[in-house]
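Contents: one structure, followed by commentary.
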Amino acid sequence: MTEPNDKSRRGFLGAAAVGAAGLGVAAIAPGLHLIEVSQASAPGKGASSKVRWGMLIDTTKCASDCNACVNACNSENGINEVLKDPRQGSQWIRKIDLKDSKSGITHSLPMMCQHCEHPPCVDVCPTHASMKRADGIVLVDRHTCIGCRYCMLACPYKARSFVHMTLTEQNPEVPRGQGCVESCTFCVHRVDKGQIPACVEACANAEHNAMLFGDLNDPNSAIAQRIAEVKTTQVRADLKLNVGVRYQGI
Amino acid sequence: MMIQQQTKTVDGAFYFALAVGGLISAIGVAAALYMEIMGHQVSGMNNQIFWGLPHVFGIFLIVAASGVLNVASIGSVFGKKAYKPRAPLSGLLAIVLLAAGLAIIMLDLGRADRVLIAATHVNLTSVFGWNMILYPVFFGLVGLYVWTLMDRSKNQYSKAVGTAAFIWRLVMTTGTGSIFGFIVARQAYQSAILAPMFIILSFAWGLAIFLIVQEIMYARSKMELHPQLRARMKNLLGVFIGAAMYFVAVYHLTNVYYAKQIEFTHFILVSGGIFPLLFWGGFVLLGSVVPLLLLYAPGFSANKGSVTAASYLTVAGGLCLLFVFIIGGQAYPMDMFPGMQVTSSFFDGKIDSYTPSLPEILLSVGGFAIAFTMTLVGVRVLRFMPQDDVAKLQSAGYLHD
Amino acid sequence: MVRLLALMAFLIMGAVASFAIHAAGVPKPMVKVEGSGQCIAATEEMRINHMNMLGHQRDRSLRQGIRGEKASLIGCVDCHASKSTGSVLGKDGFCESCHAFAAVKVDCWQCHQPKANFKAAGNAGATGAAGAVGAKP
């Protein structure tokens, strides 16, 4: 897909727009897409409330037998521990297969933290460990998480996992450990460097291009324009959480 | 009639009970430590059912803590003379049960070592955050209340402090019910009725525990509770059990009324295996109907044993109800995509099962042992024994027949 | 009286012991600094203030998204990890040797990686069978 020429250099980002490199993206190396420095978290500046990071998932492009996003997430975030009971393992992103009970139509989609504007996990956290950055990314501050798991009860998306064992294999940029709750971070350590989340990149590399990441607040961003054009769905829209992850085609 | 006097008897049974209680408590704490070191992989909990048996036992004790204070409130706040001698014991049990319940919940935290953070980083939009204020103030108020009851020079304040404690305990149990009541994500929980339901449940569970403790204390001291007093209290227990059943029924009826929750209600009441079994067999039959029969059926009702048995069954039924409510509510999958069949690697759309592991069981039982041990020491060192001035009660028209 | 004497004796013994230690000098921890080049501040300041630097930086970095500050735990590890073990932990590790000596328990390494340039090995079976299925290009 191509981008309009008047597109500002701000906030342009996304796997679906890899082909339009040169307009807003400086493709320095494969998989490394620099956001304009003012947009990324520049030294000393921090996350800006002008930005609202979001993701659009086109379920018509998502293949049921593909797990590229999940694998990329696991290796990016160092999720490689093996638990005897698989229900105790962490899953920051997972593939869900849907089948309409009436029509029999099937869909496949990745599900992860939806990065709500009004996150129930943040409301219920007794210690402010569940938190939302100014740019809309919902995180767990492991320095204050006491592992009460109330956020897991409150999350409507089953997006949170509790770390059930001692970890030693963390990637340096993704600290995670026993006794704390965790979930998708939108690869905040990459986003702050001007890169896109690992899952989005992997989806593009697998040539599915089902995931698009960008700034929902910037009317010129690819994601905002797509959302303006096509019908998108918020999962559990009835809760009015105004999620950051939208789905197309379900 | 004479005032029944507690006669202090020095017996080995006290030290034996203390040793047993202390040992089981210590084993419970050791089990929690083991879970803390190994991680919760040694528990039966997982990422779908992440609140397990410790939460059932812990929340039961916290709810009962508030309910057991009712006995004191009836005396101080509502002026019923028969309950006044029971107020100190009621206050002691309130403190002890809350402490034991909180001990279980806190020892089960993923990072129990950071429990102080819960006090230093309070988030007031969180119901847990409120509890960081509700519980300590409850300890303080009830402690003060017991002081005004037991120190004769402070007796004049007991009504005022007792009223404050009574109001606070209502707020506190509203908070406990709201832990679940504000959860919009799940079919089982979001409901305004949960706060009053938990208050009524606390009345029944607290009184049941009080009656058990009182009966044990009287038996150990070779004292006898006046049959008319027992009759009054067993009638109150009956009313509370009936009211609890009513609220639980309304809770399920409202869930049936909301179309999207009817499948969940079918699961929890009919098709869900262990959960309907524990609900109907545990809470309804053994925990409510049988106790009511024991309390009211002719031939049983005035009997000491039947009142005590009814109290024990009420406690067991309460634990069953909370197991169904807490664990059943998590076992049933969340309905993210209405009208769709859902499958995933994370067990979406699947009904989960839960088997508590040994450390969880030891921690849960250990919590009850902590309550037992603290009560044992409390009633040993201070005069908490309810002692009735039967003649006075009789002249005041409190004892009929 | 006996108790009082015992208490006095205890206090005197304590005082003598502490003098003796002072006179002999406490064995200092062996903190190996293997990295070449400058630290972000003078050694004296780092000794006194590293925890405050890291504590404040971690909150700004995580909660406000302020990146690229001078102090960073990854920075510490990159410079100070032992050449032989690759880690700041272990008996002679930069962090552990001193923290063990000072008896100050730190909580960093439950979550943070103590090895320099560590890369977690792929993604194993954390996600069960599904995690092992690769992308179909």
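The values are calculated or read from the model by the stated rules, or taken from the named source; none is laboratory data. Just so it is clear, the model here is predicted, and its values are computed rather than measured. Reconstructed Cβ throughout: ideal geometry from the backbone, glycine too, with neighbour counts over all protein chains shown. With ligands, DNA and RNA removed, areas are computed over all heavy atoms of the protein, side chains included. Shrake-Rupley method; radii C 1.70, N 1.55, O 1.52, S 1.80 Å.
Dimensions of the range A:176-250 from C-alpha coordinates, computed as largest minus smallest value along each principal axis and given longest first, are 42, 32, 24 Å. P(r) tail, the range B:181-233: Cα-Cα pairs separated by more than 12 Å, 73% of all pairs.
Panel note: the C-alpha atoms of the range C:26-110, placed on their principal axes, show extents of 41, 27, 26 Å (largest first). Using Cβ point charges alone (K and R +1, D and E -1), the dipole size of the protein assembly as shown about the Cα centre works out to roughly 1640 debye. Relative to its residue count, the protein assembly as shown spans a Cα convex hull of 198 Å³ per residue.
Phi angles across the range B:73-89 convert, under the Karplus curve 6.51 cos²θ - 1.76 cosθ + 1.60 with θ = phi - 60°, into 3J(HN,Hα) values of 4, 4, x, 6, 7, 9, x, 7, 4, 5, 8, 4, x, 8, 4, x, 4 Hz, Gly and Pro given as x. When Rg and Dmax are taken over the Cα atoms of the range A:109-202, they come to 13.0, 36 Å. Across chain B, Cα-Cα pairs farther apart than 38 Å form 20% of the total. Interface residues of the range A:132-173, defined as those losing at least 50 Å² of solvent-accessible heavy-atom surface relative to the isolated chain (probe radius 1.4 Å), are listed as A:His143, A:Ile146, A:Arg149, A:Tyr150, A:Met152, A:Leu153, A:Lys158, A:His164, A:Gln170, A:Pro172.
Taking amide H as placed 1.01 Å from N in the peptide plane, B:Arg111 has its amide H under 5 Å from the amide H of A:Gly147, each at least 5 places away in sequence or on another chain.
Here is the interface size for B with A: some 4800 Å² of accessible area buried, both sides summed, with a 1.4 Å probe. Averaged per residue, the protein assembly as shown has 43 square angstrom of accessible surface, using a 1.4 angstrom probe with ligands and nucleic acids left out.
As a fraction of the 1.4 Å probe accessible area of the protein assembly as shown, surface on carbon and sulfur atoms comes out at 66 percent.
Residue by residue along A:61-69, Cβ atoms of other protein chains within 10 Å of the local Cβ number 3 on average.
Taken over the range B:183-354, the percentage of Cα pairs per 5 Å bin, counting from 0 up to the bin with the maximum distance, is 1, 8, 16, 19, 15, 12, 9, 7, 5, 4, 2, 1, 0, 0.
Of all stretches in chain B that contain no chymotrypsin sites (Phe, Trp or Tyr not before Pro) in a DSSP loop with at most 14 other Cβ atoms within 10 Å, the longest one is B:79-257. For the range B:280-401, report the translational diffusion coefficient in µm²/s to the nearest whole number, using Stokes-Einstein at 20 °C, 1.002 mPa s, and a Kirkwood Rh over Cα pairs. Diffusion coefficient, whole number: 112 µm²/s. Accessible area buried by the pairing of C and A, both sides summed with a 1.4 Å probe, works out to roughly 3200 Å².
If contacts are Cα pairs under 8 angstrom and at least 6 residues apart, what is the relative contact order of chain B in percent? In percent, rounded to a whole number, it is 30.
Counting charges near B:Tyr312 (Lys, Arg +1; Asp, Glu -1) among other residues having Cβ under 14 Å from its Cβ returns a value of +1. In the range B:99-116, burial by the other protein chains removes 40 Å² or more of 1.4 Å probe accessible surface, compared with the chain on its own, from B:Leu109, B:Gly110, B:Arg111, B:Arg114.
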